[in-house]
Protein chains: 2
Amino acid sequence: MAGTDIASTRADGSVRSIARAVDVLELFEVEHPTRTLRELVALTDLPKTTVVRLLSTLESLGLIADRGESTYGLGAGFLRWVALSQRMWEIGDQARQVMSRLVDTCGETVNVYIRQDLNRVSIAQVEGTTTVRSVVQVGVPYELARGAAAKILLTGASDRVLRDLVDTRPDLQPESLGREIAGIREAGYAVTHGERELGASAVAAPIVASGGRVIAALSASGPTSRFTADRVGRYVDAVTAAAAEISAVGLGSVEVFL
Amino acid sequence: MAGTDIASTRADGSVRSIARAVDVLELFEVEHPTRTLRELVALTDLPKTTVVRLLSTLESLGLIADRGESTYGLGAGFLRWVALSQRMWEIGDQARQVMSRLVDTCGETVNVYIRQDLNRVSIAQVEGTTTVRSVVQVGVPYELARGAAAKILLTGASDRVLRDLVDTRPDLQPESLGREIAGIREAGYAVTHGERELGASAVAAPIVASGGRVIAALSASGPTSRFTADRVGRYVDAVTAAAAEISAVGLGSVEVFL
């Protein structure tokens, strides 16, 4: 038993180290191509020595570039995955055009979410036209239990996925979640306010494969103040129509993975 | 002292876990978009339980997608870094056109290498026209002490980088390395056979910024059987001319990071 404990402690340490490394790398984004050590320490809430060690490890792997003066950027090592992740995960031009037209219609940020394991991830985004807008990042896993896109994805998930989700989330009540998903499946769309984040609302609808299987969710999201009763009907119409259109033209080569 | 030992053991474990996770992710490439568990175990030479744990951790972070039947692919999580790494590291169209013309001239695979820490990394590649060709991956760190491109990059490295390199590589003789670099700096190009890999040859020349600083190396590489005495003069001419041309038009926005 002691052996098992040591092994599982080691495994936990390994999981934690990798997760922390990803946490650091995630702080580099188009709006923040470089970060100072001070920022990284503040944003990760890790001890400075830990952040320095992570940066040094990631630098030796080519994933972080030391820019001098305690400033860091993403390393050229990421180029090894650019072509492959684009080829695997980017959606087709036709689907993207439908997304752009939806932004023109409703002004809100539009995303295509897929389920990965027990998370949801945006694989395509067209930003809204207003300055106050919903900010989610493409490629970042968000929770699968909250938000309109999550609920749509759950309408297409197997019983096993739902069980696993409920097992990891003691706050979820299986019966009420089951009823909610059945209702959303029947309605063909979901509207949520403040589920994922206070003040953030979303409307989402399913993107389906030719056999009718839900493979993704199309969502329009923004501040709750704009998702008013008199507008939400228009948003629901626009999102469900666009989702049907994307289902008809297809998401592109990514569909084989969904 | 016991405390320090425990801390450094933990740090080593952390470094090792992150390096192993990157080793696994590196096995996914355009030619191998998916891998079986069996392949991953064989190629990493790690215990199966370790590979399974790494995959599970990476899946929860969105970096691995479970495709069923013990088959895995790169997760959509990589999309979060695609736009930024392209914006930071991709070279400009003019430089890429010069690379393509060099491939037309010599038939060999052409790369632009930069130095990152104590490694060299290709940030751009145009593949050669023959079936037997040099295979290096864009974004993957290779050693900074061997190969023509490495030697060219060392002609632009500070004394401190050279000292650090020699410190980590007891097999390098500082004096002979120093003489070799001085010679290559004066010649303006490097030719190597079998330094990085048996049977692989390369010709490389410096890409310089407007102030004359070496910021990258342009290389043409392929099987030694084609880098014969009667052809190498032509290769050297073509590579040095192309490197001068790229120096004149610039590498693009990536130059601010070099």
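Using Cα pairs closer than 8 Å and at least 6 residues apart in sequence, work out the relative contact order for segment B:2-79, in percent.
Details: 65 pairs, mean separation 20.1, N = 78.
About 26 percent, as a whole number.
Report, ordered by chain and residue number, the aspartates and glutamates lying within cross-link reach of residue A:48, taken as a straight Cα distance under 20 Å and ignoring same-chain residues fewer than 8 apart.
Those aspartates and glutamates meeting the cut-off are A:23, A:26, A:39, A:59, A:66, A:69, B:5, B:12.
Evaluate Rg over Rh across segment A:104-246, taking Cα atoms for both radii and Kirkwood's formula for Rh.
Values: Rg = 14.1 Å, Rh = 15.0 Å.
Expressed as Rg/Rh, it is 0.94.
Just which residue of chain B brings its Cβ nearest the axis of rotation onto chain A, and by how many angstrom, rounded whole?
Nearest Cβ to the rotation axis, residue and whole-Å distance: B:17, 2.
I need the phi-derived Karplus couplings for segment B:83-96: 6.51 cos²θ - 1.76 cosθ + 1.60, θ = phi - 60°, integer Hz, Gly and Pro marked x.
After applying 6.51 cos²θ - 1.76 cosθ + 1.60, I find 4, 5, 5, 5, 4, 7, 10, 7, 7, x, 4, 4, 4, 5 Hz.
Using only the Cα atoms of the protein assembly as shown, construct the convex hull and provide its projected area averaged over every direction, in square nanometres to one decimal.
Working: hull surface 112.3 nm².
Average of the hull's projected areas for the protein assembly as shown equals 28.1 nm².
Per 0.36 nm of contour for each residue apart, how much would the distance between residue B:182 and residue B:229 grow if the chain were fully extended, relative to their Cα-Cα spacing? Walk me through the numbers before you get to the answer.
Values: separation 47, 0.36 × 47 = 16.92 nm, distance 2.32 nm.
Length gained, residue B:182 through residue B:229: 14.6 nm.
How much net charge surrounds residue A:168 when only other residues with a Cβ under 12 Å from its Cβ are counted (Lys, Arg +1; Asp, Glu -1)?
Values: positive: A:163, A:169; negative: A:117, A:143, A:164, A:167, A:171.
Surrounding charge for residue A:168 is -3.
Using the Cα centre of chain A as origin and beta-carbon charges of +1 (Lys, Arg) and -1 (Asp, Glu), tell me which of A:61, A:144, A:177 is placed farthest towards the positive end of the dipole.
Of the candidates, A:61 comes out farthest on the positive side.
So for segment B:1-149, what percent of the C-alpha to C-alpha distances run longer than 29 Å?
Details: 3669 of 11026 pairs.
That fraction is 33 percent.
One quarter of the convex hull surface, Cα atoms only: what value does that give for chain A in nm²?
With every direction weighted equally, the projected area is 16.8 nm².
Suppose every K and R has +1 on its Cβ and every D and E has -1 on its Cβ; what is the size of the dipole of segment A:90-257 about the Cα centre, in Debye to the nearest 20? Could you put the intermediate results ahead of the total?
Details: 17 positive and 20 negative charges, 23 e Å.
Using Cβ point charges on Lys, Arg, Asp and Glu, segment A:90-257 gives about 100 debye.
Per-residue mean of other chain beta-carbon atoms within 10 angstrom of the beta-carbon, peptide A:33-39?
Details: counts 5, 2, 0, 0, 0, 0, 0.
Counting other chains' Cβ atoms within 10 Å and averaging over A:33-39 gives 1.
Given N residues in segment A:2-79, what is its alpha carbon radius of gyration divided by 2.2 N^0.38 Å?
Working: Rg = 14.0 Å, N = 78, 2.2 N^0.38 = 11.5 Å.
Here the Cα radius of gyration is 1.21 times the empirical estimate.
Please report, for residue B:135, the nm distances (one decimal) from its label point, 7 Å out from Cα along the beta-carbon direction, to the equivalent points in the remaining copies, shortest first.
4.3
Suppose R0 equals 22 Å. What FRET efficiency, 1/(1 + (r/R0)^6) with r the Cβ-Cβ distance, do residue B:163 and residue B:213 give to the nearest 0.05?
0.70
Once every Cα of segment A:181-252 carries one equal point scatterer and solvent is ignored, give the base-10 log of I(q)/I(0) from the Debye formula at q = 0.17, 0.26, 0.27 Å⁻¹, two decimals.
Rounded to two decimals, the profile gives -0.63, -1.17, -1.21.
Which one, A:199, A:250, A:224, is farthest towards the positive end of the dipole of chain A when Lys and Arg carry +1 and Asp and Glu -1 on their Cβ?
Of the options given, the answer is A:250.
Mind putting a number on the dipole of segment B:139-181 about its Cα centre? Charges go on the C-beta only, +1 for Lys and Arg and -1 for Asp and Glu, and I need it in Debye to the nearest 20. It would help to have the intermediate numbers written out before the result.
Details: 6 positive and 7 negative charges, 21 e Å.
Once rounded to the nearest 20, the dipole reads 100 debye.
If we hang a label 7 Å off Cα along the beta carbon direction at residue A:159, how far is it from the matching labels on the other copies, in nm, shortest first?
Nearest first, the other copies' label points are 7.4 nm away.
Peptide A:139-151: average number of partner chain Cβ atoms within 10 Å per residue?
What the average comes to for A:139-151 is 2.
Based on alpha-carbon atoms only, what is the radius of gyration of segment B:57-133 relative to the globular estimate 2.2 N^0.38 Å?
Details: Rg = 17.1 Å, N = 77, 2.2 N^0.38 = 11.5 Å.
Compared with the compact-globule rule of thumb, segment B:57-133 sits at 1.49.
Go ahead and run the numbers for FRET between residue B:104 and residue B:249, Cβ-Cβ distance against an R0 of 25 Å, rounding to 0.05. Walk me through the numbers before you get to the answer.
Numbers: r = 17 Å, r/R0 = 0.69.
The computed FRET efficiency comes out at 0.90.
Across peptide B:52-64, how many C-beta atoms of other chains are within 10 Å of each residue C-beta, on average? Mind dumping the intermediate values first?
Numbers: counts 0, 6, 4, 0, 3, 8, 4, 5, 9, 12, 10, 7, 2.
Mean partner-chain Cβ count within 10 Å for B:52-64: 5.
Using packing as a proxy for protection, rank A:167-173, A:156-162, B:232-238 so that the peptide with the highest average count of other Cβ atoms within 10 Å comes first. Before the final figure, lay out the partial values.
Details: A:167-173: 11.1, A:156-162: 13.7, B:232-238: 16.7.
Descending mean neighbour count gives B:232-238, A:156-162, A:167-173.
Over chain B, what relative contact order in percent results from Cα pairs under 8 Å that are six or more residues apart? All intermediate terms of the calculation are to be shown ahead of the outcome.
Numbers: 393 pairs, mean separation 44.1, N = 258.
Value for chain B: 17 percent.
Every number here is computed from the coordinates shown, using simple stated rules; none is lab data. Bear in mind the structure is a predicted one, so any value in this text is a computation, not a measurement. Positions of Cβ are generated from backbone atoms using ideal geometry, with glycine treated the same way; all protein chains shown enter the neighbour counts.
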